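Inspection log for the structure reproduced underneath, given as structure tokens.
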Amino acid sequence: MQGDCHIADFNISAGIMNYARFLTAVSAARKPSPIRILTELQQRSPPSLISLAGGAPNPNTFPFQSASIKVKHGETITFDETAMKRALQYSASNGIPELLTWMKNLQKKLHNPPTASYSPENGQMDLCVTTGSQEGLCKVFEMLVNPGDNVLLDAPTYSGTLAALLPLGCNLINVPSDQHGIIPSALKELLSRWDPLEVHKPGSTAPKILYTIPNGGNPTGASMTTQRKKEVYELARQYDMLIIEDDPYYFLQFNKPWAPTFLSMDVDGRIIRTDSFSKILSSGLRIGFVTGPKPLVDRVVLHIQASTMHTSTFTQLMVSQLLHSWEQEGFLQHIDRVIEFYRKQRDAMISSADKWLKDVAEWHTPSAGMFLWIKLKGIADTQQLIMKKALEKEVLLVPGGVFMINSSDPCPYVRAAFSLSTPEQIDEAFRRLSSLIREAP
Ligand code: PMP
């Protein structure tokens, strides 16, 4: 099917990778918007150019005039009339330039992808802004996942990922994992069904992508060790797979130094990384990023052009102004404050779990994120218990089944979030959960 795709007009290789075989027919058929090309042309032309081409509305007709947003621990963000007009107008599909530059510099500082052929300087690596990392993930899947494809992931996994992937008609294959993430020997065993020398042959069913949440996994709280990442990356090289590194809890790692990311090991250009500001700046502003090989990021932008067009200009400008006033140092100081909050919350949840659940449940202490994944002893499936009985006791958790590839498979786990409740509420919730488990038939 992919042989029929019209991808000749796009540059689909970078470094040593050629991405043609990874693209879905839908993605390959996406063309740059002619209107967007004209807009760029207009931006590069002298001011004497009279353009009747733009279809943007006139911002003078908009009702908002200016804005001033007070920042905790920082300068007030102001939008005067000119800034407001820009904030309320359409903008580029890949993101506003100042936010892109800021984030590129941060990615370079934090991940510094290794080879000269794959670095922000020479344009082989790129990033774009997305409306939360959820949009990035959806677009990446739309770009890479054909019906019938085998896709690897370590379940239980984020229900939003399952929601995006399952309707694509792909075959999700579970890679065994534990509290340290994907188990490389199990991945190797699983991949041994295919001959690495034959993955490029037409009709090969070998998986082309592997999706994972490397830090503070949702729902498991698992964080992958550096050694495991290295081994998984090597297997990805051997079988020529792309890795989708969905890392919204990267900034919520409680221990320093933070673990090296897949992106930081990416000598080939096979990592597509999704980042999110949802857990550290605001979930409602909807700012995320896709970082990866330029040909693939360019293509994600084509998918954005045809759907949301771009992430809200207003929220991008607001975040960009904040980040520029903070600079990298202020940003990282803010992250430290956020980490401190979640670490205390995590500790409070663990001590309440120790107090109430020790003999009726099992868990691993997460080193990142905002979730505790709890196995209830003697309970085969938590669905009924949580959706019926727990509500009667006025305690709510997420039954583990919703994070499984097949949500009807029995699952003895529940997910407890330590993000929003006070330590007192967490303690009372676990007291209620404990009596619920003890009373269960
Ligand atoms: N990936 C994972 C693993 C998540 O837990 C979430 C949010 N719960 C997302 C992606 C989406 O986050 P957002 O769109 O808010 O960036």
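Computed from the coordinates by the stated procedures, all read-outs in this text should not be read as laboratory data. Quick caveat: nothing in here was measured; it's all calculated off a predicted structure. When we count neighbours, we look across all protein chains shown, and the Cβ atoms used for this are built from the backbone with ideal geometry, even at glycine.
Helix-only estimate, please: 222 nm mean residue ellipticity of the chain, summing -39500 (n - 2.57) across DSSP H runs of length 4 or more and dividing by its residues, to the nearest 500.
Numbers: 11 runs with 151 residues, N = 441.
Helices in the chain give a 222 nm mean residue ellipticity of -11000 deg cm²/dmol.
Given GLY288, LEU376, TRP363, which one lies farthest toward the positive end of the charge dipole of the stretch 266-376, if we put +1 on the Cβ of every Lys and Arg and -1 on the Cβ of every Asp and Glu?
So the residue we want is LEU376.
For LEU372, what charge total do you get from the other residues with a beta carbon under 9 Å from its beta carbon, if Lys and Arg give +1 and Asp and Glu give -1?
+2
Only four residue types carry charge here, +1 at the Cβ of Lys and Arg and -1 at the Cβ of Asp and Glu. Report the dipole size of the stretch 130-281 about the Cα centre in Debye, rounded to the nearest 20.
Computed charge dipole of the stretch 130-281: roughly 180 debye.
If you place +1 on the Cβ of every Lys and Arg and -1 on the Cβ of every Asp and Glu, how big does the dipole about the Cα centre of the chain come out, in debye to the nearest 20? Mind dumping the intermediate values first?
Values: 43 positive and 43 negative charges, 54 e Å.
Charge dipole, the chain, about its Cα centre: 260 debye, nearest 20.
Per q in 0.08, 0.09, 0.12 1/Å, what log10 I(q)/I(0) does a Debye calculation on the alpha-carbon atoms of the chain return?
-0.50, -0.64, -1.08
Would you mind getting me the FRET efficiency between ALA380 and GLU189? Use the beta-carbon distance for r and R0 = 22 Å, nearest 0.05.
In this case the efficiency is close to 0.25.
Rank by packing, highest mean first: peptides 434-441, 312-319, with packing defined as the count of other Cβ atoms within 10 Å averaged across residues.
Averaged packing, sorted descending, gives the order 312-319, 434-441.
With Cβ to Cβ distances under 15 Å as the rule, what net charge do the other residues near GLU198 carry (K, R +1; D, E -1)?
With Lys, Arg at +1 and Asp, Glu at -1, the neighbours total +2.
Equivalent-ellipsoid semi-axes (√(5λ), Cα gyration tensor) for the stretch 325-441, whole Å, largest first?
Square roots of five times the eigenvalues give 30, 16, 12 Å.
Starting from the Cα of SER45, move 7 Å in the Cα-to-Cβ direction to define the label point; list residues of the stretch 77-107 whose amide nitrogen is under 19 Å from there.
Zone members listed by number: 90-92.
Only Cα pairs within less than 10 Å get springs; with that Gaussian network setup on the chain, which residue of VAL402, VAL26, VAL267 has the largest fluctuation?
It is VAL26.
Using modelled backbone amide H atoms (1.01 Å from N, in-plane), which distant-in-sequence or interchain residues come within less than 5 Å of ASP126's amide H?
Amide H neighbours of ASP126: GLY292, LYS294.
Once the piece of chain linking LYS109 and ASN174 is laid out straight, how much longer is it, given 0.36 nm per residue of separation minus the C-alpha distance between them?
In short, 20.1 nm is gained.
Measuring from centroid to centroid over Cα atoms, what is the spacing of the stretch 173-213 and the stretch 335-369 in Å?
Here the two parts' Cα centres lie 32 Å apart.
Hey, if you put +1 on the Cβ of every Lys and Arg and -1 on every Asp and Glu Cβ in the stretch 59-175, which of PRO167, PHE141, GLY95 ends up farthest toward the positive end of that dipole?
Value: GLY95.
Which value, in debye to the nearest 20, describes the size of the charge dipole of the stretch 50-105 about its Cα centre when Lys and Arg Cβ atoms bear +1, Asp and Glu Cβ atoms bear -1, and nothing else is charged?
Once rounded to the nearest 20, the dipole reads 140 debye.
Ranked highest first by the average count of other Cβ atoms within 10 Å around their residues, in what order do 179-189, 151-161 fall?
On the way: 179-189: 17.1, 151-161: 21.7.
The peptides rank, most packed first, as 151-161, 179-189.
Once you have the Cα-Cα distance between ASP347 and THR422, take 0.36 nm times their residue separation minus that, and quote the gain in nm to one decimal.
My answer for the length gained is 25.8 nm.
Can you list which of the DSSP-assigned H helices in the chain have a Cα extent of 27 Å or more along the long axis and an average Kyte-Doolittle score of at least -1.0? Walk me through the intermediate numbers first.
On the way: long enough: 313-356 (47 Å, -0.49).
Span-like helices, by this rule, are 313-356.
Measure up LYS104/LYS256; LYS229/LYS294; LYS355/LYS389; LYS208/LYS256; LYS256/LYS355; LYS355/LYS377 against 26 Å on the Cα-Cα distance and list the ones that go over.
LYS208/LYS256; LYS256/LYS355, as the Cα separations exceed 26 Å there.
Can you compute the FRET efficiency between LEU166 and GLU329 using 1/(1 + (r/R0)^6), with r the Cβ-Cβ distance and R0 = 35 Å? Round to the nearest 0.05.
So, using R0 = 35 Å, E works out to roughly 0.25.
What distance in nm separates the simple spin-label points at LYS389 and LYS201, each placed 7 Å from Cα in the Cβ direction?
5.3
Beta carbons within 10 angstrom, averaged per residue: use that to sort the peptides 362-372, 201-211, highest first. Show your work: numbers first, answer last.
Working: 362-372: 21.5, 201-211: 17.1.
Sorting 362-372, 201-211 by mean packing, highest first, produces 362-372, 201-211.
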